[in-house]
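The values are calculated or read from the model by the stated rules, or taken from the named source; none is laboratory data. Bear in mind the structure is a predicted one, so any value in this text is a computation, not a measurement. As a convention, Cβ positions derive from the backbone with ideal geometry for all residues, glycine included, and neighbour counts pool all protein chains shown.
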2 protein chains.
Amino acid sequence: MSDLGRDATSAPRSAAVASLAVVGTGLIGGSFAKAVRKQGLFDRIVGLDANPERAAEALRLGLVDEVAETVPAEAEAVLLAVPPAAVAPWVRSLSDHPGVVFDVGSVKGAVIESVRAFQPGLPSRYVPCHPIAGSERSGPQAADADIFVGRSVILTPEPETAPSAIEAAAGWWRAVGADVHLMAATRHDELLAVTSHLPHLLAFAYLEQVDAEHLTHVGAGFEDFTRIGAADPELWAGIFRLNRTPLLAALQVLKGSMDRLERALAHDQADDLNAMLATAAKRRPNRG
Amino acid sequence: MSDLGRDATSAPRSAAVASLAVVGTGLIGGSFAKAVRKQGLFDRIVGLDANPERAAEALRLGLVDEVAETVPAEAEAVLLAVPPAAVAPWVRSLSDHPGVVFDVGSVKGAVIESVRAFQPGLPSRYVPCHPIAGSERSGPQAADADIFVGRSVILTPEPETAPSAIEAAAGWWRAVGADVHLMAATRHDELLAVTSHLPHLLAFAYLEQVDAEHLTHVGAGFEDFTRIGAADPELWAGIFRLNRTPLLAALQVLKGSMDRLERALAHDQADDLNAMLATAAKRRPNRG
């Protein structure tokens, strides 16, 4: 993993009219549009969405300047803010587009494999990206220009990715406040299985036993713990399936931890239980 | 379960100087002191703490008017804001105190049993209470006068508990903004095993596999999901042990849910996975 350094480069600007196409005008696409507009990175933002109402809402909210049916050929940048399973088809359909194409998907390896399955190499102007930012809210009305500030954005370029495309994408992400990291797609997928996919799986599993009476007697801890369980189930089923192998591996590790805690509790082994909880609590610095 | 109704009674006031003793001047004791002062419920608040520095801090912050070594005999109300394992010894030591003694412990059945093990009946002026409010922060400096607003407070009186004591405690909790519910201690313990103790256990188990590199690449979802894992491990080991049986039962249910999700994922059964996540997501209305 390397860090390109926040100040090493700045976003490339063209003297001509620079335009951004945002494919998918939901929370992340809308937030990126809002953030780059705030920074003045592009002169024109075009929105595309499979859902015409969502695109119309993004236009109404001023997130995009125009709604289009196809990606304009002159777009300097094309953001694919669509669910991970939809990324590969878009990348394939844009393989001859001259702009920098970059996505926001939470799974990288399976998407890259899927693009390669249909063509000999990855398009050199495609930069696989994943901004680790989000919300249980969705849609253009939830767009937040500051959603990427201080967050990690992981780029997982492949050998055929053009350095100039990597630099351009990295520059845009830095311009909206993110910390850019480069790493291999497989490493990204292992990390995200632990930091994001497993917590979502757990929250969904846990909620199965929660009923209306339970909800009457919950505190802030429950609200926080289950917030990710209110996420879009279809989107998350897709993410789990695409990143199945690393996710199942992270789940095995968790089951081992749960078994050890259960044994200590069942046998009322106070010292073991205290030691396990103390170790776990240290893993999460209290940072709000 | 019954709800006494927020407006059915108001807090009892004495024409003489009414005083409150707060045993344990941490987050919950300090917050109750701050909240009742805001409401003008007591003329004088006395603080006690096993940790003299914490008591001094509560005094410095104006949460209490005075620090004492023992509970004043004239206190109309004695709040035991100590860890669950410390409640029974305090109730036993105050069995002849004329004031209403009430606690905030997250486990009720084991505490009541522990009091009964040393004396024939529960003191009639002791009202077992549990405000479902908290924070991963702790100490008097984290005290928040609004922490109980809109939160459930469960009272689990026993047959020998005096109705006047129940009404007094219920009135104070309502005065600080809480919704008061009455139920059996065993029911409380089953509910809380699901809504609070199991999520804490899970967060601790999950954190075992999180390392420093993971923490570099986390979003708001991770922060929310693991916030309860930053809670005091010693306090929570005590809670888990006191409520072991209902907690182990809730854990078995969760393991069943996890196994079903794991099987659907391992066999890439998309329909099963989608259906399970959709059901779970419905259990948690998106309420922030």
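If you go through region B:114-145, how many residues are touching a residue at least 60 places away in the same chain (Cβ under 8 Å) and either out of contact with any Gly (no Cβ under 7 Å at 6 or more places or on another chain) or more than 16 Å from B:Phe32 (Cβ to Cβ) (or both)?
8
Tally the residues that are more than 26 Å from B:Ile228 (Cα to Cα) and either in contact with a Leu (Cβ under 7 Å, 6 or more places away or on another chain) or outside any loop (DSSP other than H, G, I, E, B) (or both), restricting the search to region B:124-150.
Just the residues of region B:124-150 that are more than 26 Å from B:Ile228 (Cα to Cα), to begin with: B:124-127.
Those still in the list that are either in contact with a Leu (Cβ under 7 Å, 6 or more places away or on another chain) or outside any loop (DSSP other than H, G, I, E, B) (or both) too: B:126-127.
Qualifying residue count for the region: 2.
Could you check, for region B:99-107, whether at least one of its residues is assigned to a helix (DSSP H, G or I), out of contact with any helix residue (DSSP H, G or I) (no Cβ under 8 Å at 6 or more places or on another chain) and in contact (Cβ under 8 Å) with a residue 24 or more places away in the chain? Steps first, answer last, please.
Going through region B:99-107, the residues assigned to a helix (DSSP H, G or I) turn out to be none.
So far as region B:99-107 goes, no, none of its residues is assigned to a helix (DSSP H, G or I), out of contact with any helix residue (DSSP H, G or I) (no Cβ under 8 Å at 6 or more places or on another chain) and in contact (Cβ under 8 Å) with a residue 24 or more places away in the chain.
Residue-by-condition table, conditions (1) assigned by TED's automatic domain parsing to the domain that holds B:Leu61; (2) more than 15 Å from the chain's Cα centre (by Cα):
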| site | (1), (2) |
| --- | --- |
| B:Ala133 | yes, no |
| B:Gln141 | yes, yes |
| B:Phe148 | yes, no |
| B:Ala168 | yes, yes |
| B:Ala212 | no, yes |
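I'd like to check which helices (runs of 4 or more DSSP H) are fully inside region A:171-288 and have at least 1 residues that are at the interface with chain B (Cβ under 8 Å from one of its Cβ atoms) and crowded, with 21+ Cβ neighbours inside 10 Å. Give the derivation first.
On the way: elements: A:185-192, A:198-207, A:212-216, A:220-226, A:233-242, A:244-266, A:270-283.
Answer list for region A:171-288: A:185-192, A:198-207, A:220-226, A:233-242, A:244-266, A:270-283.
What number of residues within region A:124-159 satisfy the criterion of being more than 14 Å from every other protein chain (Cβ to nearest Cβ) and touching a strand residue (DSSP E or B) at 6+ places or on another chain (Cβ under 7 Å)? So that I can check it myself, show each step before the final result.
Within region A:124-159, the subset more than 14 Å from every other protein chain (Cβ to nearest Cβ) is A:124-128, A:140, A:143, A:145, A:157-159.
From the residues that got through so far, the ones that are touching a strand residue (DSSP E or B) at 6+ places or on another chain (Cβ under 7 Å) too are A:125-128, A:157.
Number satisfying all stated conditions: 5.
Give the residue, chosen from B:Glu113, B:Glu167, that is farther than 16 Å from B:Asp103 by Cβ and modelled with pLDDT of 95 or more.
Working: B:Glu113 fails: farther than 16 Å from B:Asp103 by Cβ.
Answer to the selection: B:Glu167.
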